[in-house]
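Notes for the one structure printed next.
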Amino acid sequence: MDSEPILVADDNPVDRMILAKIIRDQGYTVIEAEDGEAALQLYRDKQPQVVLLDALMPKLDGFEVARAIKAEAEVRFTPIIFLTALTEAAELAHCLDAGGDDFLSKPYNRLILQAKLKALRRVRELHQTTELQRDAIERNNQRLMQEQGAAKAIFDRIAHREYLEIDCIRYLMSPIALFNGDVLLAAPTPRRTFNLLLGDFTGHGLTASVGAMPLADSFYALTQRGLALADIASECNRKLNSVLPAGYFCCALLAEISFDKGTIEYWCGGLPMGYLLSGVAQGNKTQAPDAVAVRTLNSRHLPLGIQPADRFDATTQFVSVVAGERLVLCTDGVIEAISPSGEQFGEERLLAQLQQAVAKNACTVTALQSALAAHCGNSESTDDITAVELTIVESKAFDLVPAHPALEYETSPRQWQLSYEVRDDSLADFTPFPLLQRMLLGTPALRSRMSEIGMVVTEMYCNALEHGVLQLDSSLKQDASGFAKYYRTRSEALRNARGFVRFELSCREQGKHVVLEISVSDSGPGFRPASDRSNVQPDPGQEVLLGNADSAFHGRGIGLLQETCQRVEHLDDGRTTKVELVCDQDD
Amino acid sequence: MAERPRLNWCVTKMIEAQWVNEDALSILREVMEGEFQAVLDAFYQQAETAWSEAATQLAQEDLKALSRSAHALKGSALSLGAERLCQTLQALESAAQAGAVGESKALYQQASKELAATLTALRAQLA
């Protein structure tokens, strides 16, 4: 009836006969051993389901046999019944220590033994079920880990981690952050700026991580092509809105940092506020934490993925920054981290930690990590937390160039020229560079200078649009509040813009070089120098060096043009700016 | 057993009661069914062997071995319900274990008599 036998180990032949008979009568197969060695051998050979052991046996006593069996039976459970008189407590304890599961005493009673065998069989079946379930759980867990590993590998290929490993960025992110719904993306644009995105998807696990793929894909593709931040935010929103089920969304902060111009443009929807912390004054090693000035980048929008494309508000904000300042972003896991007594980490503690770290000239992210571990009472608490610190560096120190978009380059003629005009309503949502880049990439000599060209084109377009067509007053940009006001006025003015901006690009060979001439004209009233700079009155056709003295009027833009270009000219009473870039032919 | 004369049964019962617990034995009989005789035979065999070995061990004052012999036989005696023999063998096992030669000799003598009486009683049971 039962394939696995029951082992009876007793040196007394009379007792062995009696036990064997009782057990056999209950339908079990019996194997018998008359000493401890034989018992152990039979146990190994026949794998009995239950072992009945006499304590005192020749060669190897019952305790030793029991210990050996329990040591060998780590995986399978083999119950041991000790055959002993239930009189001496010390001996019973000895049996239990050796691994005994039950006792049987004389006179041997059929019903009692039957009950014990039944009970042990149930225990054993339970044990086997547990084993099977444990194995199944183990297998499932292994498969889950493999799947997570594969998913992470795919994501890592989409998310260009190398751009997070640059000197001015420090970040804290658990290896399984993807499955907590946290996404941190960074990449340089072809306009000498740098884009950063910190996202936090609703929920955990697979659903949270699924949206990360299209988000990263959109972010990188559009950043690489040089699209404006608002366009990237719109596209990310459109993509997530179309792929995520109702109720799922992504809190995010997107920022475009221009080290050249000292600006951060950002869009924030639902993510905790970002912090801009002033650096420690040069020459000082430390300063008081409350001397660290703080500005915040606040959320003004709904998270990505909620609104349909036609209702999405892509309005961005601008802040001015200087080298040494730090931008710190984190997900709500930081603020909501709970201490053993149930207290949240909170914004106050967060800010105090950031100020302290900056005051000591230490990394804010590292400081945050240890403060959170201390707050929560363990180090695993930081698993659910993503934070990033970006230090504003001198524009010279920023040298990241994106790979060229994977376009099928059409090689254009060596000498060409083109004119492109945008006017009226179209000005509101026009970003010149992505379009022009497609054209420029056709000329191999221009490819290695694409970042500078992108920066120059964008700068010239902004000047023509803002000071020419919209006639904005750039002196507003001198302080932080004026800076914000300037950009508010700009977006209002754009809605009713009338006029045009025209690009004229020409490319010609000049010996070993290729000369790119970019001319941008606008419909504005022309260039009117401020009274205190009357000595730099520009003359048509004459090369003008507008250096630093002009920075109050044109912002830092003109300086940038002059650093990058071989010639900068203002023509037609300042309505046209013409620059020349000389590129080597060799590459 | 039912056809046995009443008086005879009472006498037998009285004698047996001293040496073998009848309830224990009848339970054993029930359990063993056709193999009951084989168990008894095994006991006789074991008793004969163990006891002659015990005599030698006592003569050689090998009390450790004597203690083991007493223990082995005690186990079987208990299984068959031979309670008095069992008690004496327990005492012998302990004395021999403790190395008490004189006491062991005395208990051996006592156990020998009780063993003989027990075997007689068992044979009477089977008659």
Karplus-derived HN-Hα couplings along segment A:450-462 (A = 6.51, B = -1.76, C = 1.60, θ = phi - 60°), whole Hz, x at Gly and Pro: 4, 4, 5, 4, x, 5, 5, 4, 5, 5, 5, 5, 4
Loop only by DSSP, 13 or fewer other Cβ within 10 Å of the Cβ. Give me the GluC sites (Glu not before Pro) in segment A:89-170 that pass, ordered by residue number. A:Glu165
What are the ³J(HN,Hα) couplings of segment A:50-65, residue after residue, when phi is run through the Karplus curve with 6.51, -1.76, 1.60 and θ = phi - 60°? Round to Hz, x for glycine and proline. 9, 10, 9, 10, 7, 5, 9, 9, x, 6, 10, 7, x, 5, 5, 4
Run the 1.4 Å probe and let me know the accessible area of A:Thr391, rounded to the nearest 10 Å². 40 Å²
In order over segment A:485-492: 3J(HN,Hα) from phi, Karplus 6.51/-1.76/1.60, θ = phi - 60°, whole Hz, x for each Gly or Pro, gives 5, 4, 6, 5, 4, 4, 6, 5
Where only protein heavy atoms count, and the probe is 1.4 Å, what is the accessible area per residue for the protein assembly as shown in Å²? 47 Å²
Can you tell me the alpha carbon radius of gyration of segment A:258-351 divided by the globular rule-of-thumb value 2.2 N^0.38 Å? 1.33
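Considering only DSSP states other than H, G, I, E and B, which GluC sites (Glu not before Pro) in segment A:3-80 qualify as loop sites with at most 11 other Cβ atoms within 10 Å? The partial results should precede the final answer.
Details: sites: A:Glu32, A:Glu34, A:Glu37, A:Glu64, A:Glu72, A:Glu74; in loops: A:Glu34, A:Glu74.
Counting only loop positions with at most 11 other Cβ atoms within 10 Å, the GluC sites (Glu not before Pro) in segment A:3-80 are A:Glu74.
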What total accessible surface area, summed over both chains, is buried at the interface between chains B and A, computed with a 1.4 Å probe and given in Å² to the nearest 100? 1400 Å²
One quarter of the C-alpha convex hull surface, i.e. the mean projected area of segment B:15-107 in nm², amounts to 5.8 nm²
Simple SL model, points at 7 angstrom along Cα→Cβ for A:Ala323 and A:His127; separation in nm is 7.3 nm
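Per 0.36 nm of contour for each residue apart, how much would the distance between A:Lys360 and A:Phe430 grow if the chain were fully extended, relative to their Cα-Cα spacing?
20.8 nm
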Expressed as a whole percentage, what fraction of the accessible surface of the protein assembly as shown belongs to carbon and sulfur atoms when a 1.4 Å probe is rolled over the protein heavy atoms? 51 percent
Could you work out how far apart the two model spin labels at A:Ile137 and B:Thr56 are, taking each label as a point 7 Å from the Cα in the direction of the beta carbon, and quote it in nm? 6.0 nm
Taking a threshold of 24 Å on the Cα-Cα distance, which of the pairs A:Lys46/B:Lys74; B:Lys74/B:Lys105; B:Lys74/B:Lys113; A:Lys485/A:Lys578 fall above it? A:Lys46/B:Lys74; A:Lys485/A:Lys578
A student applying the Cα gyration tensor rule (rounded when a/c is under 1.5; otherwise prolate if a/b is larger than b/c, oblate if not) would label segment A:449-509 oblate
Net +/- balance of residues flanking A:Asp399 in space, Cβ distance below 15 Å, scoring K and R +1, D and E -1: -3
Report the full-extension gain for the segment A:Ala374 to A:Asp584: residue separation times 0.36 nm, less the Cα-Cα distance, to one decimal in nm. 69.9 nm
Which FRET efficiency value, to the nearest 0.05, is calculated for B:Glu30 and B:Ser94 with the Förster distance at 35 angstrom and r the Cβ-Cβ distance? 0.60
Share of Cα-Cα pairs in segment A:215-258 beyond 18 Å, in percent? 25 percent
1/(1 + (r/R0)^6) with r = Cβ-Cβ of A:Asp167 and A:Ala73, R0 = 56 Å, i.e. FRET efficiency to nearest 0.05, evaluates to 0.45
Lys and Arg at +1, Asp and Glu at -1: add these up for the other residues within a Cβ distance under 11 Å of A:Asp97 and post the number. +1
Pop a pseudo-label 7 angstrom from the Cα along the beta-carbon direction at both A:Arg490 and A:Gln26 and give the gap in nm to one decimal. 8.9 nm
What is the local net charge at A:Gly270, summed over the other residues whose Cβ is closer than 15 Å to its Cβ (Lys, Arg +1; Asp, Glu -1)? -4
re chain A: pairs of Cα atoms spaced beyond 41 Å account for a percent value of 47 percent
Spherically averaged projected area in nm², based on the convex hull that wraps the Cα atoms of segment A:226-311: 7.7 nm²
What is the diffusion coefficient of segment A:1-110 in µm²/s, taking the Kirkwood radius over Cα pairs and the Stokes-Einstein relation at 10 °C with a viscosity of 1.306 mPa s? 116 µm²/s
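Let me make sure I get this right: for segment A:99-217, a, b and c are the square roots of the gyration tensor eigenvalues over alpha carbons, sorted descending. Under 1.5 in a/c it's rounded, otherwise prolate if a/b > b/c, else oblate. Which is it?
Here segment A:99-217 falls in the prolate category.
The values are calculated or read from the model by the stated rules, or taken from the named source; none is laboratory data. Remember, it's a predicted structure, so these values are computed and weren't measured experimentally. Quick reminder, even Gly has a Cβ in these numbers, built from the backbone with ideal geometry, and neighbours come from all protein chains shown. Accessible surface is based on the protein model in full, side chains and every heavy atom, while ligands, DNA and RNA are left aside. Shrake-Rupley method; radii C 1.70, N 1.55, O 1.52, S 1.80 Å.
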